[in-house]
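K.L.:
Below you will find the structure I want to go over with you.
Values in this text are rule-based calculations from the coordinates and carry no lab data. All figures in this text were calculated on a predicted structure; none of them were measured in a lab. So basically every Cβ, Gly included, is an ideal-geometry build from the backbone, and we count neighbours across all protein chains shown.
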């Protein structure tokens, strides 16, 4: 979000504000409060409820909420309407390409009563108008594959102003071990629909499989980047249950080879759908995806130099981009024979 990034970018660069929190698994309630000066957010908040048999009661007042079960089961009541859901075994239980994610939307000026077992995450942001409570079950969730090769990931969209909310956009992204997400680099820092960009803050809640075990020196890890190319150029070592505030800028994340990575994400700020503007200098990576697909259809994995030139001539890449593509395809088993 442009305003939030302008306020916090230099402070994050100077380590005066830390966007990264390692959740201890014990705190129940709001964790990232945008009203706190040391939280690099202005609009969206995030927390976790550790559910128990007794009802937890919350008045939303001017805010709306989206709750996403992480592990366990819940039953809730919103303005007299009853809902229930579960996520047994956690977010990795069904394996890659499948999801057990669900979400409950709670509108403003509502009373939420919730109880159960396990952990349920929530996002909150100022509501722009009154809406009805809404439950999105896991049976309706669809897994969408995005990207290619080492930046291929699975995305599950849960709640947005298109269906239930007024200001919150919530979903999950899964990355296999060693793979990138947030690639090609993109931003959503300006309200500019013509350029394909919306002005939204974001929060990630990272999960890893396997998680940390007793006796581990380090545990599973990944690297979260946060940079704008000008005032803020930072990298953060994250672990299972890391919470990360994104005021703006580009924010790719790469899973290490030792664990699967899944992160719950929530955005808010302008009441608009999520529109992401690709950084122009890396936009060619999307064309690489087309090249990968075409390479799979070549009759042989050994290609002459002449055939290679014919292959790339229609793709419009620069010499540097052609060299990079050549290296990537070699890693995928395509050999270019320079002697032919």
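K.L.:
For the stretch 224-340, give me the percentage of DSSP beta bridges that are antiparallel, rounded to the nearest 5 percent.
P.N.:
Percentage antiparallel, nearest 5: 65.
K.L.:
Can you give me the Cα centroid spacing of the stretch 117-136 and the stretch 290-333 in angstrom?
P.N.:
Cα centres, the stretch 117-136 to the stretch 290-333: 47 Å.
K.L.:
Ok, one more. How long, wide and thick is the stretch 284-337, going by the Cα atoms along their three principal axes, in whole angstroms, largest first?
P.N.:
25, 18, 17
K.L.:
Tell me the volume per residue, in Å³, of the convex hull enclosing the alpha carbons of the stretch 194-239.
P.N.:
108
K.L.:
Could you work out how far helix 284-296 tilts from the main Cα principal axis of the chain, as a 0 to 90 degree angle to the nearest 10?
P.N.:
Computed tilt is about 60 degrees.
K.L.:
Additional query: With contacts defined as alpha carbon pairs under 8 Å and 6 or more residues apart, what's the relative contact order of the chain in percent?
P.N.:
With pairs under 8 Å counted, the relative contact order is 18 percent.
K.L.:
Gaussian network model of the chain, Cα springs within a sub-10 Å range: biggest mean-square fluctuation belongs to which of 126, 107, 193?
P.N.:
193
K.L.:
Would you calculate, for the chain, the mean residue ellipticity at 222 nm contributed by helices, counting each DSSP H stretch of 4 or more residues as -39,500 (n - 2.57) and dividing by all residues, to the nearest 500?
P.N.:
-4500 deg cm²/dmol
K.L.:
In what order do 38, 109 fall by count of nearby beta-carbon atoms within 10 Å, going from fewest to most?
P.N.:
With the sparsest Cβ surroundings first, the list reads 38, 109.
K.L.:
Right, another one. Cut-off 10 angstrom, C-alpha nodes, Gaussian network model of the chain. Which of 117, 166, 318 fluctuates the most?
P.N.:
For the chain, modelled as a Gaussian network with Cα springs under 10 Å, the answer is 318.
K.L.:
Which whole-number percent gives the relative contact order of the stretch 284-337, counting Cα pairs below 8 Å spaced six or more residues apart?
P.N.:
55 percent.
K.L.:
For the stretch 104-206, what does the alpha-carbon gyration tensor say about shape, rounded, prolate or oblate, given a ≥ b ≥ c as the root eigenvalues, a/c under 1.5 as rounded, and a/b over b/c as prolate?
P.N.:
Oblate.
K.L.:
Determine the distance separating the Cα centre of the stretch 42-93 from the Cα centre of the stretch 203-272; give it in Å without decimals.
P.N.:
Result: 22 Å between the Cα centres.
K.L.:
Can I ask one more? Looking at the chain as a GNM with Cα springs under 10 Å, which of 159, 327, 120 has the largest mean-square fluctuation?
P.N.:
For the chain, modelled as a Gaussian network with Cα springs under 10 Å, the answer is 327.
K.L.:
A further question follows. Just for the chain, what percent of DSSP beta bridges are antiparallel, to the closest 5?
P.N.:
95
K.L.:
Under 1.5 on a/c is rounded, so check that first for the stretch 193-340, then, if it is not, pick prolate when a/b is larger than b/c and oblate when it is not; a ≥ b ≥ c are the square roots of the alpha carbon gyration tensor eigenvalues.
P.N.:
Oblate, since a/c reaches 1.5 and b/c is not below a/b.
K.L.:
Restricting things to Cα coordinates, could you compute the convex hull volume per residue of the chain in Å³?
P.N.:
So the per-residue Cα hull volume is 157 Å³.
K.L.:
First check a/c for the stretch 149-203, with a ≥ b ≥ c the square roots of the eigenvalues of its C-alpha gyration tensor; if it is under 1.5, answer rounded, and if not, answer prolate when a/b is larger than b/c or oblate otherwise.
P.N.:
Oblate.
K.L.:
Highest mean first, how do 182-192, 133-143, 291-301 rank when packing is the count of other Cβ atoms within 10 Å averaged over residues?
P.N.:
182-192, 133-143, 291-301
K.L.:
Please arrange 279, 243 by how many other C-beta atoms lie within 10 Å of their C-beta, fewest to most.
P.N.:
Ranking 279, 243 by Cβ neighbours within 10 Å, fewest first, gives 279, 243.
K.L.:
Among 251, 20, what is the fewest-to-most ranking by other Cβ atoms within 10 Å?
P.N.:
If I rank by nearby Cβ atoms, fewest first, I get 20, 251.
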